[in-house]
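Below is one structure, written out as structure tokens, with a few remarks after it.
The values are calculated or read from the model by the stated rules, or taken from the named source; none is laboratory data. In this text, all values refer to a predicted model and were calculated from it rather than measured experimentally. Here the Cβ positions follow ideal geometry from the backbone for every residue, glycine too, while neighbour counts run over all protein chains shown. We work out accessible area using only protein heavy atoms, side chains counted, and drop any ligands, DNA or RNA first. Shrake-Rupley method; radii C 1.70, N 1.55, O 1.52, S 1.80 Å.
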2 protein chains.
Amino acid sequence: MSNPEQASEPERVRAPNIRDVARVAGVSYQTVSRALNDSPSIRPETLARVQAAIDELGYRPNQAARALVTSRSRTIGVLAAQTVHYGPATSIQAIETAAREAGYRLSITNISSSEYASIKAGLDHLMAQSIEALIVIAPQVRVFEALKDLQLSVPFVTLEATGLNTAHSLWVDQIQGARLATRHLIDLGHTEIMHLSGPQDWIEAEARMQGFLRELGDADLRTRAPILGDWTAHFGYYAGLELLRYRDFTAVFCGNDQMALGFMHACRESGLRVPEDISVVGFDDVPEAAHFAPPLTTVRQNFAEIGRRTIEVLLGELRGETGLSHEPVQPELIVRQSTARLA
Amino acid sequence: MSNPEQASEPERVRAPNIRDVARVAGVSYQTVSRALNDSPSIRPETLARVQAAIDELGYRPNQAARALVTSRSRTIGVLAAQTVHYGPATSIQAIETAAREAGYRLSITNISSSEYASIKAGLDHLMAQSIEALIVIAPQVRVFEALKDLQLSVPFVTLEATGLNTAHSLWVDQIQGARLATRHLIDLGHTEIMHLSGPQDWIEAEARMQGFLRELGDADLRTRAPILGDWTAHFGYYAGLELLRYRDFTAVFCGNDQMALGFMHACRESGLRVPEDISVVGFDDVPEAAHFAPPLTTVRQNFAEIGRRTIEVLLGELRGETGLSHEPVQPELIVRQSTARLA
DNA sequence: GCCGGTGATGTGTACGTTCACATCGTTGGG
DNA sequence: CCCAACGATGTGAACGTACACATCACCGGC
């Protein structure tokens, strides 16, 4: 009766813990703990015995217990929108890989709308998991408001922003990218240039718009009000059909490649040729852009690099390092066949 | 000295726990616990007091502690590959939303290659988090092998498979989808039809290939060896350039929309018109497909529906329900302008 | 030959929660 | 009018780990 170890009872299978490992290895549980956290003061011989016991039992450290006692969840939260698009998806993938290598997990929460309530609910869900850091890939303007409300206390980073909030953002120089695209069109002789922008509460949409307007301003060209879209090919198509009825422009800079695709579709339907009649530039360089009809001139962003650097910065901040260099990732103009010199 | 409550010391901010809440509400910690788990036996009045205390303190339940004692992580693991593509990305998003609503978290692990070692490492990483269930969106043939090795003991579901492994897979009837696409081409009078397949270790690639071959067989048409690709537009393009040199076929059924896009690019470069000279069908119906040149005839899969049903099935299994109906999601042929009657 | 120091290992405790069980007051039936 | 039953609430323990500290053997220097 007093011996709980009698093995006659099948007794609900329980995962082995460090005490089980310790018993098998003939050491104390604390020694096992040391082995797991590669403490310097443990004899190689002892370490080997513990390791053998671990393998024998198929022991896995219990993350929950570990998180409880250290009060470190080893989880990074990601607040995301539009993850189906190439840019966010690629960044998240790179972030996940880098985080995993650093021993962190990712917890991704998608927000369905950019309603304030939806954003707040998403943040709430993440905070409930006691995330150690936050990455925002979403309409950031509104997210910032929600962050203030929640008085959140973890380091956070936003992707693909403007550098306005340098303390917390790691960014591709979107303004520069937009300037490259616009300059390219100007160099080709275009003076009447249109811009199909992303939604205004996305900082990157705002940045691309800024870059476009500044470059136009620097060249003393007429600036027109950009059209605010929603990043989708459908929008590019319908906006294109509408705009092309007037056709008082010869080039279009689109806020992303999807909208450019839709726009070129509208051109075909309107009987216009790209690039002979209209030049089109995109943004992102999705892998498909090289195979559009015609292959799309666009601005390449190294999303994978962004993802890696995001984690790098964040981990540094978690370690207490400060004043890290948040140098912007530089975008690159990829010239293909959707742009041509003005006839 | 004996009073630890004296507030003079700033004393490291610690998040409030149920005991703090209990003290403020004037009840025992167990009553707070009951309030949190909406136990039936608690007076509405008491519940209100507890709720007020929770709000006052900004208390959040500690998930780690909860997971430790219940040994339920409330985490579902996702082993994924190619998450940048529309299908997987859409499914994951739907899965995340459905999981969140059910109170579960998602832990996504991307595998970089389909090497056995990479898959095993990914699974290991997931198991280390004591996931309660597993969802596989990856080259499943190899994953199955790894699963056996790890003697994994959680319910799992694979997406988009063939129904071969009915106990564990929730699936779109890919074979049926492929048959629809192939039949469409046959109905248009094509007899020499090519197939650009996905990688062979992806079950959905295999299934689409099967559907293609069977439909051809049923129509007593010559079957040709499908070309094994990698899902990318680049592959579709280069394969197209190669295949079109002989041009001993009049129609192509592509394993996904990206490859179809690349293939149509190759057609243009080879001076062939789609659909006049060559008919092309894709698979997936990515949102951009409607704006390809020409708009692509393809097979629509309801990825969001798949995601929702996946969680539904998995949660049922976690609750111990069995024999759930795993009815396949039916795909739908979307006819656009990339296919035409054989001249 | 004793003692301080050090390297290796062991013991007690806390983290925040839920579960099993105990307790208490109230109600209703015989 | 008493006691069983029940509803509401409280107490003790356990989950598995890491941290702080205690212990122990051993070493070298005086």
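Odds and ends about this structure:
- With all protein chains in place and a 1.4 Å probe, the accessible surface of the stretch A:174-301 carries 49 percent carbon and sulfur.
- Evaluated over the Cα positions of the protein assembly as shown, the convex hull gives a direction-averaged projected area, one quarter of its surface, of 38.4 nm².
- Ranking A:Gly58, A:Val24, A:Gln258 by Cα position along the charge dipole of chain A, where only Lys, Arg, Asp and Glu carry charges on their C-beta atoms, puts A:Val24 farthest toward the positive end.
- Remark: chain B carries a charge dipole of roughly 640 debye about the Cα centre, counting +1 on each Lys and Arg Cβ and -1 on each Asp and Glu Cβ.
- By DSSP, the beta bridges lying fully in the protein assembly as shown are antiparallel in about 10 percent of cases.
- Heavy-atom accessible area, 1.4 Å probe, ligands and nucleic acids excluded: residues of the stretch A:244-288 down by at least 20 Å² from chain alone: A:Gln258, A:Leu261, A:His265, A:Arg268, A:Pro287, A:Glu288
- Shielding of A:63-71 by partner chains, average beta-carbon count, 10 Å: 6
- Translational diffusion of chain A, estimated by Stokes-Einstein from the Kirkwood radius over alpha carbon pairs at 37 °C in a medium of 0.692 mPa s, is 143 µm² per second.
- Cross-link partners for A:Lys120 among the lysines, with Cα-Cα distance under 23 Å and sequence neighbours closer than 8 places in the same chain left out: A:Lys148.
- Selection among B:Gln82, B:Thr191, A:Ala290 by position relative to the dipole of the protein assembly as shown gives B:Gln82 as farthest towards the positive end (Cβ unit charges, Cα centre).
- Using a 7 Å Cα-to-Cβ projection, A:Tyr29 label spacings across copies, nm, ascending: 1.8
- Figure legend: label point modelled 7 angstrom from the Cα of B:Gln330 along Cα→Cβ; residues of the stretch B:174-217 with amide N under 18 Å from it are B:174-184.
- Scattering curve values for the stretch B:18-61, log₁₀ I(q)/I(0), Debye with Cα scatterers, q = 0.30 Å⁻¹: -1.11
- Chains B and A together, accessible area buried on both sides, 1.4 angstrom probe, square angstrom: 3700
- Of the accessible area of the stretch A:18-61, computed with a 1.4 Å probe over protein heavy atoms only, carbon and sulfur atoms account for 50 percent.
- Largest accessible area first, the listed residues A:Arg60, A:Arg105 line up as A:Arg60, A:Arg105 when surface is computed with a 1.4 Å probe on the assembled protein chains.
- The stretch B:41-80 shape via C-alpha gyration tensor axes, a/c threshold 1.5: prolate
- The stretch B:25-66 and the stretch A:201-218: distance between their alpha carbon centers, rounded to Å: 50
- Spatial offset of the stretch A:90-145 relative to the stretch A:293-343 amounts to 20 Å, using the alpha carbon center of each.
- Accessible area expressed per residue, the stretch A:174-301, with surrounding protein chains retained (probe 1.4 Å, Å²): 33
- Between the amide H of A:Ser270 and any residue lying 5 or more places away or on another chain, no distance stays under 5 Å, with hydrogens modeled in the peptide plane.
- Within chain B, antiparallel bridges make up roughly 10 percent of the DSSP beta bridges whose residues both belong there.
- Shape class for the stretch A:174-301, computed from the alpha carbon gyration tensor (a ≥ b ≥ c): rounded, with a/c under 1.5.
- Per-residue shielding of B:90-98, expressed as the average number of other chain Cβ atoms within 10 Å of the residue Cβ, stands at 3.
- Complex-versus-alone comparison for the stretch A:108-137, residues with a loss of 30 Å² or more in accessible area, probe 1.4 Å: A:Ile108, A:Asn110, A:His125, A:Ala128, A:Gln129
- Full-stretch length increase - B:Asp201, B:Glu312 - with 0.36 nm per residue and alpha-carbon distance subtracted: 37.3 nm
- Taking the axis that rotates chain A onto chain B, the chain A residue nearest to it by Cβ, with the distance rounded to whole Å, is A:Ala293, 2.
- Shielding by partners for peptide A:33-46, expressed as the average number of C-beta atoms from other protein chains within 10 Å of each residue's C-beta, is 0.
- Solvent-accessible surface of the stretch A:18-61, averaged per residue with a 1.4 angstrom probe and all protein chains in place: 62 square angstrom.
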